[in-house]
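**Student:** Got a structure here, written out as structure tokens. Questions coming.
The values are calculated or read from the model by the stated rules, or taken from the named source; none is laboratory data. All values reported here derive from a predicted model rather than from experimental measurement. Methodologically, a virtual Cβ is constructed for each residue, glycine included, from the backbone with ideal geometry; neighbour enumeration extends over all protein chains shown.
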Amino acid sequence: MYVENANFMVAVTAIIENDVGEILLIKRRPEAEFPNCWEDVGGRLKQSESPEEGLRREIKEETGIVDIEIVKPLTVFHIFRNNIKKKENELIGISYWCKTRTSKVILSNEHTDYQWLTPEDAIKVTDHPALMKYLRIQMAEKQQIEKVIFENTKGDIIHG
């Protein structure tokens, strides 16, 4: 179905996990929308860009990280920027779980600081409700994967 005069943005965000299970948070500039907010990496897609291409571009632009494994999409979200329900403020996005072996971050001018934190500490540091939700989803997904791996290797340990 074709939607005439559709005018919405598509965005991607990344919960980036390092080798020791810490999550990257970046801090917005004081003069930015949502000043000094600790957030995940993300931004809007460019025309004709796939979500995965846009995700890799945004991660590189905001953090300098190019060593990225996209583990899986975590959730889809729908918001209106600044809670103003106009078509030009409508945003549909996908939040991804990503992994990296890189710990060094080179921030863009959009952010002033970064930190690697456990998911539990990241939830405590941010006041971004959506990010808290995405972190909880990532933690549950990781726990489920670890449980499956444990169950599948239990016999190897016993018989090993």
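**Student:** Of all residues in region 75-99 being closer than 24 Å to Ala32 by Cβ and modelled with pLDDT of 95 or more, which is surrounded by the fewest Cβ atoms within 10 Å (Cβ to Cβ)?
**Tutor:** Ile94
**Student:** Give region 80-94 a look and list any residue that's among the β-branched types (Val, Ile, Thr), in contact with a strand residue (DSSP E or B) (Cβ under 7 Å, 6 or more places away or on another chain) and without any contact (Cβ under 8 Å) to a residue 40 or more places away in the chain, or say none.
**Tutor:** Within region 80-94, none qualify.
**Student:** Which condition does Phe34 not pass, out of (1) more than 20 Å from Gln138 (Cβ to Cβ); (2) surrounded by 14 or more Cβ atoms within 10 Å (Cβ to Cβ), if it passes all the others?
**Tutor:** (2)
**Student:** I need the full set of residues from region 98-131 which are more than 20 Å from Ile79 (Cβ to Cβ) and without any contact (Cβ under 8 Å) to a residue 40 or more places away in the chain, in order please.
**Tutor:** Glu120, Asp121, Lys124
**Student:** Assuming Glu90 fulfils every condition listed in (1) in contact with a His (Cβ under 9 Å, 6 or more places away or on another chain); (2) closer than 16 Å to Ala14 by Cα apart from one, which condition is it?
**Tutor:** In the conditions (1) in contact with a His (Cβ under 9 Å, 6 or more places away or on another chain); (2) closer than 16 Å to Ala14 by Cα, Glu90 misses (2) alone.
**Student:** How about region 40-59: which of its residues are crowded, with 20+ Cβ neighbours inside 10 Å, touching a residue at least 40 places away in the same chain (Cβ under 8 Å) and outside any loop (DSSP other than H, G, I, E, B)?
**Tutor:** Matches in region 40-59: Gly42, Leu55, Glu58, Ile59.
**Student:** Looking at Ser108, is it in a loop (DSSP other than H, G, I, E, B), touching a helix residue (DSSP H, G or I) at 6+ places or on another chain (Cβ under 7 Å) and not β-branched (Val, Ile, Thr)?
**Tutor:** Yes; evaluated as a whole, the condition is true for this residue.
**Student:** Only one of Glu17, Glu62 is over 30 Å from Lys87 (Cβ atoms), within 13 Å of the chain's Cα centre (by Cα) and of a type in the set (D, E, K, R). Can you tell me which?
**Tutor:** Answer to the check: Glu17.
**Student:** Further question: Checking Ile92 against (1) within 20 Å of Lys133 (Cα to Cα); (2) part of a loop (DSSP other than H, G, I, E, B): exactly one of these is not met. Which one?
**Tutor:** If we test Ile92 against (1) within 20 Å of Lys133 (Cα to Cα); (2) part of a loop (DSSP other than H, G, I, E, B), just (2) comes out false.
**Student:** Additional query: Just give me the residues in region 70-103 being of a type in the set (S, T, N, Q) and closer than 14 Å to Gly43 by Cβ, in sequence order.
**Tutor:** Passing the criteria: only Ser95.
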